[in-house]
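For reference, the structure discussed in these notes is given below.
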Amino acid sequence: MSLSGQVLDAREQPLPYANIILLGQTNQEMITGTTTDEEGQFRMKNIKPDSYIIRISFIGYTDQELQLDLREDRILDPVKMTEEAETLSEVEITVKKPTLTRQPDRLVFNVQSTALSEGNMMEVVKRTPGILVLGESITVKNATPEFYINDRKVNLSSSDLLQLLEGTAASAIQSVEVITNPSARYDADSGIIVNIVMTKNLVTGYQGSVFGNYIQGVFPKYSGGTTQFLKNKNTSFFLNYNYNHRKINRDNEGFVIYPDDTWTSDINRNTWSQTHTVNFNFDVDFNEYNRLSISSNMQFLPYFKYLTKSRTEITPPTSQPFAFFNATNLSRDLRHNMGFNLDYVHTFKADNSKLMFNAHTTLYDYRRNQEVVNDYFREDGQFRESNAFKTRADQNTSIYTGQIDYSLPFKESGSFEAGAKYSKVFTESGLVQRIIENGFEIIDLDNSDMFDYDEQVYAGYVTFRKEIGDWDLSGGVRAEQTEVEAISASMTNNNTQSYLEWFPNGSIGYKINDNTSLYANYKRSIRRPDFRNLNPFEFFLNDNTVVVGNPALQPVFINNYAVGGSIGKHNFEVYFRQEDGKIFELPVQDNDENIIRYTPINFDVTYELGFDYIINFNIIENWNLGFLSSIYYTKDRIGWLNNQETEQDIWAWYGDLTNNFSLLKDRSLDITFGLTYITDNIQGLRRVDSMIFSTIDVSKSILKGRGAITLGLEDLFNESDFSVRTNFLDQNSSNFSNLDNRLFKLGFRYSFGNTKLSTTDADLDFDERKRLGERN
C-alpha cells in the first residue's frame with residue numbers, strides 16, 4: 001500500500017525537497033524515506049500495514065512528526081512547517097539517549113546518536129543489557145550467540161569476531177538486537193542472535209565523518225578512520241574504514257593440584273596487533289520494484305604478535321626432577337578475512353510480495369609461526385635442562401551460501417514466508433612441529449598433522465504471522481540436512497556425519513489493553529561443533545599446557561521455552577532452556593603425566609531456568625534510566641572419564657543499570673553511566689567468581705554541531721577481573737585473570753555533508769533549493 005501527501009512552508013506554499021522519513025512506531029527503526037517534488041508532494045509505495053511515525057524535516061524549519069495507523073492507501077492532509085527561530089550552519093549532530101525496548105522475540109538497544117556511538121562496535125556490545133563479555137567469550141543467558149550485521153550472518157571465530165567488532169566504528173550503528181526467539185528464516189544454529197542494525201541513508205545527499213580514538217590502559221592504543229554515505233535518486237553507498245593499533249596486557253595466576261604435588265604458575269601475556277577493517281554497502285534501485293545490493297565486511301591483520309612468559313613452581317620441589325621452569329611462547333600471525341554478500345529483491349506490484357535472492361562467500365586465510373622455549377631449574381636455582389620447538393600452522397577456509405526467500409504480506413495484518421538455503425564450509429589445515437636439538441630443527445611427526453573439513457547443509461523453511469483481533473500468532477518450521485566429513489592424518493577413521501533434523505518454533509501474543517500484553521514462545525535449535533573445535537591439532541603453550549580439539553564432538557540440540565509480558569513500562573519473562581550435548585572447553589588434567597589439556601567436551605545436559613525483568617523510563621526530563629534483572633538457575637551434568645557422572649548447579653543473578661543524562665540548555669552534553677553485576681555462576685562445571693563492570697561515557701557536541709568530543713572510563717572499581725575454579729572428581733585447578741580493562745578513552749569525530757543544512761533565509765529560490773537534494 002502507499003502513503004502520500006504534501007508539505008507546505010510557513011507561507012502555505014509548496015515546499016520542494018523536504019526530507020520524509022518513515023519510522024516504525026515500536027522501536028523507531030527507519031523503514032523508508034523520500035523527498036518532496038517541486039510541488040511539495042511525496043509518495044511512498046510498498047509499505048506493509050502497521051503503525052508508523054512519519055518525520056518531515058527541511059532547512060530552517062522545525063521537524064514535524066505524525067503518528068499514523070496504515071491499513072490501506074492513504075493521502076495525508078497538507079503538513080505546514082514552522083520556521084525555526086535560530087539555525088546552525090553545516091551539519092548538526094543531535095545527541096540522544098540510549099533506549100531499551102522489549103519485544104516478544106527480542107531486546108532492542110537503540111544507540112544511534114548517543115555517547116555510546118562514538119566508540120567502536122565492541123564497546124556498544126559490552127554495554128548492551130543481557131550481553132556478557134569475558135575475555136574472548138561473549139554470552140547471552142549462558143549461551144554463545146551468533147552475530148549478524150543487518151540480518152547477515154558473520155562467519156568468524158570468537159577471536160576474529162572481537163577483532164572485527166573492535167575495528168569497526170560504532171557511529172553507523174542504529175541499534176543492537178538480542179533475538180532470543182529467531183524465526184525459522186534464520187539458520188537453525190542461530191538459537192540466540194545478536195543482530196547489529198546499521199543506519200540507512202534514506203534521504204538524498206552526502207554525509208561523511210572522520211574520527212580518532214585514544215585509549216590508555218596498561219599500554220596506549222589508538223584508532224582512526226572515516227565513514228561515508230552517498231545517496232542519489234537510484235543509488236546509495238556506505239563505506240567505513242578503521243585502523244586499529246593495539247598492545248594489550250594480561251596477567252594470570254593459576255594452580256593445579258595433582259595427587260603428589262601442586263603446580264603454581266604466574267603468566268604474563270602481551271598481544272600486539274595492527275588491524276585494517278573495511279565495510280561497505282552499495283544499493284541500486286532499478287525501479288521501485290527491483291533492488292540490487294552488494295555488501296562486504298573485510299578484515300586484514302598484517303601484524304599480530306603474541307608473547308607469553310611464565311614461571312611454574314612445584315610444591316614440594318622434591319616430587320619432580322626439577323623445582324621450577326620458565327617458559328617463553330612467541331607467536332606471529334598473518335590473517336585476513338573477507339566476506340561478501342550479493343542481494344537482489346523483486347517486489348511484485350499486484351500483492352506487494354517479495355522474492356529475495358542472496359549469495360554469500362567468506363574467504364579466511366590464517367598463518368602462525370610459533371617458538372616455544374622451556375628452561376628447567378633445580379631447587380637451588382641451578383639450571384638443569386632446556387628444550388625448544390617451533391610450529392607452523394596454516395589454515396584456509398572457504399564458506400559459500402545461496403538463499404532464496406519469498407515473503408507475502410496478507411491484506412489484513414500478517415504475512416507468510418518460505419525459503420531454501422544451501423551452505424558449504426570447506427577448510428584445509430596443516431601443522432608442522434620441529435624440535436630444536438643442538439641448533440638443528442627435526443620434524444616431530446607425533447605432533448605434526450593435517451586436517452580437512454567439509455560441511456554441507458541443505459535447508460528449507462516456512463513461517464507465518466497473523467493478527468486476529470487482540471491475538472498475534474506466529475510459527476514456522478525449518479528442516480536441515482547436514483553432511484560432514486572430517487579427515488586427519490592422526491585419526492584412525494574419518495569423522496563422517498549425516499543427519500536430518502526438524503526445527504519448529506512458535507509464538508502467541510495477546511493484547512489485554514494498550515498498556516498490558518502477554519506472550520509465550522518455543523524454539524528448537526542446533527549448535528554444530530565448530531571445525532576449529534573438531535581439529536585434533538595440539539598447540540603447546542608450554543611442555544605441560546596444551547590446547548587440543550576433539551574430533552568426536554557431536555551437535556548440540558536446544559529447546560527453549562519462554563512466557564512473558566508487559567504492564568506499562570514493566571517487562572518480564574520466565575524462560576527454561578535445555579541443551580543436550582552442550583560443548584564446553586575444560587582444562588582436563590592428566591594426573592599421571594602432569595599435563596593440562598584444554599579441550600572441548602560434550603556435556604550430557606545443561607538446564608537453565610530464569611526470570612527476567614526490564615524497565616526503561618525517564619526519572620526527570622533530562623534523566624533516563626534502564627534496568628535489567630535476571631535471576632537464573634543453572635545445572636550442568638556430564639558422564640566424565642571412565643563413566644564417572646558428575647553435576648553442579650547454582651542460583652545466580654545478573655543485573656544491569658544504565659543512566660543517561662542530557663545536560664546544558666541545548667542538550668549538547670550527554671553522559672552515560674553503566675553498572676553491571678553478576679554473582680558467582682558456573683560455566684561447564686567451572687565456578688566463576690562474581691564481577692562488577694562499570695563504565696562512564698561523556699559526549700559533547702562542539703564546533704556548532706559539526707563535531708563531537710568524547711571521554712570515557714571503564715572498570716571504575718577494578719572489579720571486572722575474574723577467577724575460575726575447577727573442582728570435581730580428580731580435577732582441581734584454578735585460574736585468575738587480571739585483564740587490561742581499566743581504560744581511559746578519548747575520542748573526536750568531525751562530520752560534514754548535507755544531512756541537515758541550515759540557513760537563516762527561509763525564502764530560498766528554486767535553484768538554491770534544488771542544490772539541497774534530489775527527488776527520490
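The values are calculated or read from the model by the stated rules, or taken from the named source; none is laboratory data. Predicted, not measured: the structure shown is a model, and the values here were computed from it. Here the Cβ positions follow ideal geometry from the backbone for every residue, glycine too, while neighbour counts run over all protein chains shown. To get the accessible areas, we keep the full protein, side chains included, count just its heavy atoms, and leave off ligands, DNA and RNA. Shrake-Rupley method; radii C 1.70, N 1.55, O 1.52, S 1.80 Å.
Just need a number here: residues in the stretch 441-462 that are in a strand (DSSP E or B), open to solvent by less than 60 Å² (accessible area, probe 1.4 Å) and among the charged types (D, E, K, R).
Matching residues across the stretch 441-462 total 4.
Going by the conditions given, is Arg392 under 20 Å from Asn329 (Cβ atoms) and either polar (S, T, N, Q) or part of a strand (DSSP E or B) (or both)? Walk me through how you get there before you give the answer.
Details: under 20 Å from Asn329 (Cβ atoms): yes; either polar (S, T, N, Q) or part of a strand (DSSP E or B) (or both): yes.
It is true that Arg392 is under 20 Å from Asn329 (Cβ atoms) and either polar (S, T, N, Q) or part of a strand (DSSP E or B) (or both).
Could you tell me which of the residues Asn659, Asn643 is polar (S, T, N, Q) and more than 27 Å from Lys126 (Cβ to Cβ)? Break it down into steps so the answer makes sense when it comes.
Values: Asn659 fails: more than 27 Å from Lys126 (Cβ to Cβ).
Matching residue, one of Asn659, Asn643: Asn643.
Can you pull out every residue in the stretch 344-354 that is surrounded by 15 or more Cβ atoms within 10 Å (Cβ to Cβ) and out of contact with any Leu (no Cβ under 7 Å at 6 or more places or on another chain)?
Val345, Thr347, Asn352, Lys354
Pick out the one residue from Asn337, Asn329, Asn358 that is of a type outside the set (Gly, Ala, Ser), over 23 Å from Ile149 (Cβ atoms) and crowded, with 19+ Cβ neighbours inside 10 Å.
Of Asn337, Asn329, Asn358, the one residue that is of a type outside the set (Gly, Ala, Ser), over 23 Å from Ile149 (Cβ atoms) and crowded, with 19+ Cβ neighbours inside 10 Å is Asn329.
Considering the stretch 376-403 alone, what residues qualify as being over 25 Å from Gly439 (Cα atoms) and open to solvent by 70 Å² or more (accessible area, probe 1.4 Å)?
Glu379, Asp380, Asn396, Tyr400
Exactly one of these conditions fails for Ser295: (1) within 30 Å of Glu385 (Cα to Cα); (2) open to solvent by less than 30 Å² (accessible area, probe 1.4 Å). Give me its number.
Unmet condition: (1).
With respect to Tyr461, determine if the residue is farther than 26 Å from Ser183 by Cβ and either modelled with pLDDT of 90 or more or of a type in the set (A, V, I, L, M) (or both). Explain how you work it out, then say what you get.
Working: farther than 26 Å from Ser183 by Cβ: no; either modelled with pLDDT of 90 or more or of a type in the set (A, V, I, L, M) (or both): yes.
Judged against the criteria, Tyr461 is not a match.
Can you go through Val547, Val574, Val563 and tell me which one is in a strand (DSSP E or B), closer than 30 Å to Ala388 by Cα, among the aliphatic types (A, V, I, L, M) and open to solvent by 40 Å² or more (accessible area, probe 1.4 Å)?
Val547
A quick yes/no check of all residues on (1) closer than 20 Å to Val140 by Cα; (2) not aliphatic (A, V, I, L, M):
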site	(1), (2)
Asn571	yes, yes
Asp580	yes, yes
Phe584	yes, yes
Val588	no, no
Pro600	yes, yes
Val605	yes, no
Asp612	yes, yes
Asn622	no, yes
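The rows are residues; the columns are (1) part of a strand (DSSP E or B); (2) among the polar types (S, T, N, Q); (3) modelled with pLDDT under 80.
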{"site": "Lys126", "(1), (2), (3)": "no, no, yes"}
{"site": "Tyr148", "(1), (2), (3)": "yes, no, no"}
{"site": "Ser183", "(1), (2), (3)": "no, yes, no"}
{"site": "Asn201", "(1), (2), (3)": "no, yes, yes"}
{"site": "Gly208", "(1), (2), (3)": "yes, no, no"}
{"site": "Phe211", "(1), (2), (3)": "yes, no, no"}
{"site": "Leu230", "(1), (2), (3)": "yes, no, no"}
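Only one residue in Tyr633, Tyr654, Tyr613 is outside any loop (DSSP other than H, G, I, E, B), open to solvent by 40 Å² or more (accessible area, probe 1.4 Å) and touching a residue at least 40 places away in the same chain (Cβ under 8 Å). Which one? Can you show your working first?
Values: Tyr633 fails: touching a residue at least 40 places away in the same chain (Cβ under 8 Å); Tyr654 fails: open to solvent by 40 Å² or more (accessible area, probe 1.4 Å).
That would be Tyr613, the only listed residue that is outside any loop (DSSP other than H, G, I, E, B), open to solvent by 40 Å² or more (accessible area, probe 1.4 Å) and touching a residue at least 40 places away in the same chain (Cβ under 8 Å).
Could you list, in sequence order, the residues of the stretch 582-599 that are within 26 Å of the chain's Cα centre (by Cα) and either polar (S, T, N, Q) or buried (at least 19 other Cβ atoms within 10 Å of the Cβ) (or both)? Quick ask: steps written out before the conclusion?
Restricting attention to the stretch 582-599, the residues satisfying the condition of being within 26 Å of the chain's Cα centre (by Cα) are 582-586, 598-599.
Listed by number, the residues that qualify are Lys582, Ile583, Leu586, Thr599.
Given the structure, is Gly747 within 20 Å of Ile248 (Cβ to Cβ), out of contact with any Gly (no Cβ under 6 Å at 6 or more places or on another chain) and touching a residue at least 24 places away in the same chain (Cβ under 8 Å)?
Working: within 20 Å of Ile248 (Cβ to Cβ): yes; out of contact with any Gly (no Cβ under 6 Å at 6 or more places or on another chain): yes; touching a residue at least 24 places away in the same chain (Cβ under 8 Å): yes.
Judged against the criteria, Gly747 is a match.
Checking Thr606 against (1) open to solvent by 20 Å² or more (accessible area, probe 1.4 Å); (2) of a type in the set (S, T, N, Q); (3) under 30 Å from Tyr499 (Cα atoms), only one condition comes out false. Which one?
Thr606 satisfies every listed condition except (1).
Taking only pairs six or more apart or across chains, which ones have beta-carbon atoms under 8 Å, a first residue in the stretch 714-729 that is farther than 27 Å from Met122 by Cβ and open to solvent by less than 70 Å² (accessible area, probe 1.4 Å), and a second residue that is outside any loop (DSSP other than H, G, I, E, B) and among the aromatic types (Phe, Trp, Tyr)?
From the stretch 714-729, the pairs are Phe728/Trp640.
Residue check, Ala18 against (1) open to solvent by 10 Å² or more (accessible area, probe 1.4 Å); (2) more than 25 Å from Lys349 (Cα to Cα), all met but one. Which one?
For Ala18, the exception is condition (1).
Given the criterion under 23 Å from the mean Cα position of the chain (by Cα) and more than 20 Å from Phe744 (Cα to Cα), identify the matching residue among Gln683, Gln648.
Going through Gln683, Gln648 in turn, the sole match is Gln683.
Being free of Cβ contacts under 8 Å to residues at least 60 places away in the same chain and not β-branched (Val, Ile, Thr) is the filter; apply it to the stretch 205-230 and report the residue that is nearest to Ala172 (Cα to Cα). Spell out how you get there, then give the answer.
Narrowing the stretch 205-230 to residues free of Cβ contacts under 8 Å to residues at least 60 places away in the same chain: 220-222, 224-228, 230.
Going one step further and asking which of them are not β-branched (Val, Ile, Thr), we end up with 220-222, 224-225, 228, 230.
Working: Pro220: 25, Lys221: 22, Tyr222: 19, Gly224: 15, Gly225: 12, Gln228: 10, Leu230: 13 Å.
Result: Gln228.
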